[in-house]
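Before any comments, here is the structure.
The values are calculated or read from the model by the stated rules, or taken from the named source; none is laboratory data. In this text, all values refer to a predicted model and were calculated from it rather than measured experimentally. As a convention, Cβ positions derive from the backbone with ideal geometry for all residues, glycine included, and neighbour counts pool all protein chains shown. Side chains are part of the model used for accessible areas, which takes the heavy atoms of the whole protein and leaves out ligands, DNA and RNA. Shrake-Rupley method; radii C 1.70, N 1.55, O 1.52, S 1.80 Å.
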2 protein chains.
Amino acid sequence: MLRSATQTGSVVSVEFSDGSQARFHAIWLRDNALDPETRAPGNGQRLITIGDIPTDISVNAADIVNGDLLVTFQPENKTVTFPSGWLADHTYDRAVEQETGRVAPGITTWERGIAAPSGDWAEVHATPAAKRNWLADVAEYGFAKLTNGPTEPESLLKVAALFGYVRETNYGPYFEVRTEVNPTNLAYTGLGLQAHTDNPYRDPVPTLQILYCLENSAEGGESIVVDGFRAAERLRSDNPEGFALLAGYPARFEYVGSDGVCLRSRRPMIELSPDGEMVGIRFNNRSSAPFVDVPFDQMEAYYAAYRQLGDYIDDPAMGVAFKLEPGESFIVDNTRVLHARLGYSGSGTRWLQGCYADKDGLLSTLAAMDMAKLEAAE
Amino acid sequence: MLRSATQTGSVVSVEFSDGSQARFHAIWLRDNALDPETRAPGNGQRLITIGDIPTDISVNAADIVNGDLLVTFQPENKTVTFPSGWLADHTYDRAVEQETGRVAPGITTWERGIAAPSGDWAEVHATPAAKRNWLADVAEYGFAKLTNGPTEPESLLKVAALFGYVRETNYGPYFEVRTEVNPTNLAYTGLGLQAHTDNPYRDPVPTLQILYCLENSAEGGESIVVDGFRAAERLRSDNPEGFALLAGYPARFEYVGSDGVCLRSRRPMIELSPDGEMVGIRFNNRSSAPFVDVPFDQMEAYYAAYRQLGDYIDDPAMGVAFKLEPGESFIVDNTRVLHARLGYSGSGTRWLQGCYADKDGLLSTLAAMDMAKLEAAE
């Protein structure tokens, strides 16, 4: 509920019933008007362009009616209602300085010791609440296991179908992770792999990866996941200049291992939004190409920060380890959580299938489930 | 060819036969060593991690042998050859200051008046050189037409298969662009659409879009493409502070038009790499959500810059227009080139099919073709 509103022509100031205050510009209110000439009623899309708004847009009346804000714009002489709840949700009049390297709201960073978030195959498929919680874990922690699934090949495609769409690449719609005689990628050997994000040489990177276990009787081959955001937070805390270097200059990544494939990217190891929110980690020793975008005078400090970030990533206090059983899988947010594999050998076999998907589908499915629940409750 | 080399322990300085000089750090050289213990011979992937390199790495010998550089590292006592051509290709010892808002090497920005880059369906399918040039046009100009193709539905999937993979979304593997009775998106009406990038509410956005014409006998419905990088360059030139605002704060985008779909993103209209290279444009009046990440004191200037960018995008001097005939299609780099549609009506029909794909596949196919040609020539 709104208590009062005043206007100066270019700015409307309101006070909410809890005493908090906020200012909104005339141009911002007009652009975001919710009336049916501005927003299509069926699909909510905006019908006007920024150029359709008069350059001399102003407000000449701001009133409270039933607790909501009524604004009249000139020269259009157009009156629009802004619900108080909508205004409270879209306040931008904040004094708070935002910290560089922060994580987005809803993200919880972690180290070894947390219980691995996990869903049960049957429950996640049968119960919307179980599925919702499993998706929410991926959104919050950047990974989650899925247990008690079938052991048929291609079951991983059913995992992707729970929330979105497979991203097909040169590796196929999905790929076999097992020892090959002439591996095009070190993933297809029994070697241990340092914790890494997948395909940093791709732009855009696949933002989700699913790894699904079909056989795992070999010695070793445990999976380890590491929160890249937490590793970056540790770097920022211990060496802020080093954090700024890894965020401030692009690295380079490359993969040219197969015929007809030559993938290259130029993106930083720590990606920030322009206003300093952490939005992505790229870390992969196998596919790092020579870094040529760091100034000569900064290169040694850049390498020192890279080494330090690698030390945190390798730190046993950081990783959550588990050995996948047949029918178990895990999903990682490939823009944030790194995954490692211990080397394996011996008489048994290890056979995983992997595929990529994208976060937009997962976050959309989660948000739509939460929105439907909210609407049902109202 | 190299002429000379000296070393100080932490830095190797070389002089090329053309007289140019470059310095390389010991840690950088060691990390990028090309020997088979450092890089897997078959697939070129790095076998060591940054942590495997001794913290006290140094160089105690740097010599020229057959024009290439031989470096001995301590404490490993390991000698590695760096070909002179490889060193020349990976120099990072540059004094040049890099300009904020520049475009990447190989990108050419444009306005109305350029001949639309175009390939012929049969030639592009039959001739590697024609296909290579068509892909190179997309890489350089951000769009290209493809003419004289079949008029069967799903032909657009064959376009994507020329270089990569379709990105499936909630709109399907591909979608029908024609007038619908209850449109979930304004694209599915006869309304004109301001030039825009597609799906800015998705993260990652689809980096390529293909629009393929099957019928187009309605009045109007012309396609227009606009170089978003050029529009941003004009803004940077005329209003550098405005450019900095659009690049410096995230916008918000949203699409909640269909059941079970709730897509939201927080990304800037003008995306720069951390060192100031222009890497993406997001502009879409229909799906812009309220901007809530711009400080109150900057909001009016932000909106003024947004309006100015929109003016350039709407400027008839900017757009390349064409009316697609059945069997014609075009592909746009959706991170750079905006596309518009004029309104259509009348007795005829307009039926396009659209799909998304990603640039990594296109650029990889192009780079692999160029690399194969280079190797064949050597």
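Brief remarks on what is shown
- There is at least one residue in segment B:275-284 that is touching a residue at least 60 places away in the same chain (Cβ under 8 Å), within 12 Å of chain A (Cβ to nearest Cβ) and acidic (Asp, Glu).
- The one condition from (1) facing another protein chain (nearest Cβ under 10 Å); (2) open to solvent by less than 20 Å² (accessible area, probe 1.4 Å) that B:Thr197 does not meet is (1).
- Across segment A:259-288, the qualifying residues are those that are open to solvent by less than 10 Å² (accessible area, probe 1.4 Å) and either of a type in the set (A, V, I, L, M, F, W, C) or not assigned by TED's automatic domain parsing to the domain that holds A:Val225 (or both), and the one among them that is farthest from A:Thr109 (Cα to Cα) is A:Cys262.
- The residues of segment B:206-221 that are more than 8 Å from every other protein chain (Cβ to nearest Cβ) and surrounded by 17 or more Cβ atoms within 10 Å (Cβ to Cβ), listed by number, are B:Pro206, B:Leu208, B:Gln209, B:Ile210, B:Leu211, B:Tyr212, B:Cys213, B:Leu214, B:Asn216, B:Ala218, B:Gly221.
- Annotation for segment B:175-192: no member residue is within 14 Å of another protein chain (Cβ to nearest Cβ), within 30 Å of A:Arg264 (Cβ to Cβ), open to solvent by 10 Å² or more (accessible area, probe 1.4 Å) and not aliphatic (A, V, I, L, M).
- The conditions of being more than 22 Å from A:His339 (Cα to Cα), more than 7 Å from every other protein chain (Cβ to nearest Cβ) and of a type in the set (Phe, Trp, Tyr) are not met by A:Tyr255.
- Residue list for segment B:296-314, restricted to those being facing chain A (nearest Cβ under 8 Å) and either at positive phi or open to solvent by 10 Å² or more (accessible area, probe 1.4 Å) (or both): B:Phe296, B:Glu300, B:Arg307, B:Asp311, B:Asp314
- Filtered residues of segment A:31-67 (kept if open to solvent by 10 Å² or more (accessible area, probe 1.4 Å), more than 8 Å from chain B (Cβ to nearest Cβ) and within 26 Å of B:Ser258 (Cα to Cα)): A:Leu34, A:Asp35, A:Pro36, A:Glu37, A:Arg39, A:Pro41
- Per-region count, segment B:88-99, residues more than 10 Å from every other protein chain (Cβ to nearest Cβ) and surrounded by 15 or more Cβ atoms within 10 Å (Cβ to Cβ): 1
- Residue match in segment A:321-329 (condition: touching a strand residue (DSSP E or B) at 6+ places or on another chain (Cβ under 6 Å), more than 9 Å from every other protein chain (Cβ to nearest Cβ), open to solvent by less than 10 Å² (accessible area, probe 1.4 Å) and not in a loop (DSSP other than H, G, I, E, B)): yes
- Selection of first residues in segment B:333-349 that are within 27 Å of B:Val166 (Cβ to Cβ) and modelled with pLDDT under 95 and of second residues that are among the hydroxyl-bearing types (Ser, Thr, Tyr) and open to solvent by 20 Å² or more (accessible area, probe 1.4 Å), restricted to Cβ pairs under 8 Å at least 6 apart or on distinct chains, gives the following pairs, ordered by first then second residue: B:Thr349/B:Ser217.
- Filter result for A:Ala340 (open to solvent by less than 10 Å² (accessible area, probe 1.4 Å), closer than 24 Å to A:Phe322 by Cα and within 14 Å of chain B (Cβ to nearest Cβ)): no
- Count of residues meeting criterion [free of Cβ contacts under 8 Å to residues at least 40 places away in the same chain and part of a strand (DSSP E or B)] in segment B:227-250: 0
- Take the conditions (1) under 30 Å from A:Leu324 (Cβ atoms); (2) away from chain B (no Cβ under 14 Å); A:Thr79 misses just one of them, which is (1).
- Any hit, segment A:251-268, residues being without any contact (Cβ under 8 Å) to a residue 60 or more places away in the chain, over 19 Å from the mean Cα position of the chain (by Cα) and assigned to a helix (DSSP H, G or I): no
- Figure legend. Inter-residue proximity from segment B:115-136: first residues over 21 Å from B:Asp360 (Cα atoms), second residues open to solvent by 70 Å² or more (accessible area, probe 1.4 Å) and not in a helix (DSSP H, G or I), beta-carbon distance below 6 Å, spacing 6+ or different chains. Indicated pairs: B:Asp120/B:Asn148; B:Trp121/B:Asn148.
- Odd one out for B:Asn148, checked against (1) more than 27 Å from B:Tyr212 (Cα to Cα); (2) of a type outside the set (A, V, I, L, M, F, W, C); (3) touching a strand residue (DSSP E or B) at 6+ places or on another chain (Cβ under 6 Å): (1)
- Cross-chain or 6+ apart pairs with Cβ under 9 Å, segment A:45-58 first and without any contact (Cβ under 8 Å) to a residue 60 or more places away in the chain, then part of a loop (DSSP other than H, G, I, E, B) and among the hydrophobic types (A, V, I, L, M, F, W, C): A:Arg46/A:Ala40; A:Leu47/A:Ala40; A:Leu47/B:Leu191; A:Ile48/A:Ala33
- Condition broken by B:Arg23, with the remaining ones in (1) assigned to a strand (DSSP E or B); (2) open to solvent by less than 20 Å² (accessible area, probe 1.4 Å); (3) facing chain A (nearest Cβ under 10 Å) satisfied: (2)
- Matching residues, segment A:223-248, being more than 21 Å from the chain's Cα centre (by Cα) and open to solvent by less than 50 Å² (accessible area, probe 1.4 Å): A:Ser223, A:Asn239, A:Gly242, A:Leu245
- Residues satisfying the stated conditions in segment B:356-365, i.e. assigned to a helix (DSSP H, G or I), among the hydrophobic types (A, V, I, L, M, F, W, C) and open to solvent by less than 20 Å² (accessible area, probe 1.4 Å): B:Leu362
- Of everything listed in (1) in contact with a Cys (Cβ under 9 Å, 6 or more places away or on another chain); (2) open to solvent by 30 Å² or more (accessible area, probe 1.4 Å); (3) of a type in the set (D, E, K, R), the single unmet condition for A:Arg167 is (2).
- Of all positions in segment B:321-333, at least one carries a residue that is within 27 Å of A:Glu277 (Cβ to Cβ) and out of contact with any Asp or Glu (no Cβ under 8 Å at 6 or more places or on another chain).
- Some residue of segment B:294-317 being within 23 Å of the chain's Cα centre (by Cα) and among the hydrophobic types (A, V, I, L, M, F, W, C): yes
- Flag for B:Arg3 being within 10 Å of chain A (Cβ to nearest Cβ), open to solvent by 30 Å² or more (accessible area, probe 1.4 Å) and modelled with pLDDT of 95 or more: no
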